[in-house]
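> After the structure tokens below, expect a handful of questions from me.
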Amino acid sequence: MFLLDTRPLKNSPGLTEKYTWDEEIPVGDVNTGSVVFSGPVMVDVDITNLNGNFVLQGKVKARVLLKCDRCLEEYLFPVETEISEIYRLISEAPVADELDNEDITGFRGDYINIAPELVKSVFLALPMKTICNSECRGLCSTCGNNLNQAKCDCAAINIDPRLAVLKNLLKN
Ligand SMILES: [Zn+2]
Ligand SMILES: [Zn+2]
């Protein structure tokens, strides 16, 4: 669990603590949305108590399974990104404007579960366009064959339909 114990910091304004994790995102405990993690996530953060605001900053390393836009095959994408978040302890029954600043994430009790923000930072580091390899040939638009794995004759036929007719004639 990516639970951060705030007890050493709570009564020590100005204090910074270091936390590290190297573990899998607990399945079912955290909504990972469209992000598919492969293996453990490495987290290395500093957290500072700044007048009751817990300022978290650090690095996140993970491997994510993506689907190639061209060939539709899955591939592993290494993510190395930053996490930066401000948490504030909120009372059991928060006052309406207690968290009016939306840059601040509330937490209750002694522990902060950083998993949701972790997933968010990884999600934001993913590429808009997913290509398994810059050399990826993609799928044949005619027969759907994965051109990285095998050739098909469609390309030749598409270039010149008359050639295709010829080819068929030659076959017979
Ligand atoms: Zn591909
Ligand atoms: Zn084809």
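Only the coordinates and a few stated rules stand behind these numbers; no lab work does. Note that the structure is a prediction, hence the values are computed from the model and not measured. In this analysis, Cβ positions are derived from the backbone assuming ideal geometry, glycine residues included, and neighbour counts consider all displayed protein chains.
> Taking the Cα centre of the range 3-136 as origin, sum charge times position over the Cβ atoms of Lys and Arg (+1) and Asp and Glu (-1), and report the length of that vector in debye to the nearest 20.
200 debye
> Which links in K18/K129; K10/K61; K61/K120; K10/K120; K18/K59 stretch past 23 Å when you go from one Cα to the other?
Checking Cα-Cα distances, K18/K129; K10/K61; K10/K120 exceed 23 Å.
> Where Lys and Arg each count +1 and Asp and Glu each count -1, what net charge lies around G58 among other residues with Cβ under 9 Å from its Cβ?
-1
> Starting from a Cα-only point model with no solvent, please compute log10 I(q)/I(0) by Debye for the range 3-136 at q = 0.21 1/Å.
With no solvent term, the Cα-only Debye profile gives -1.24.
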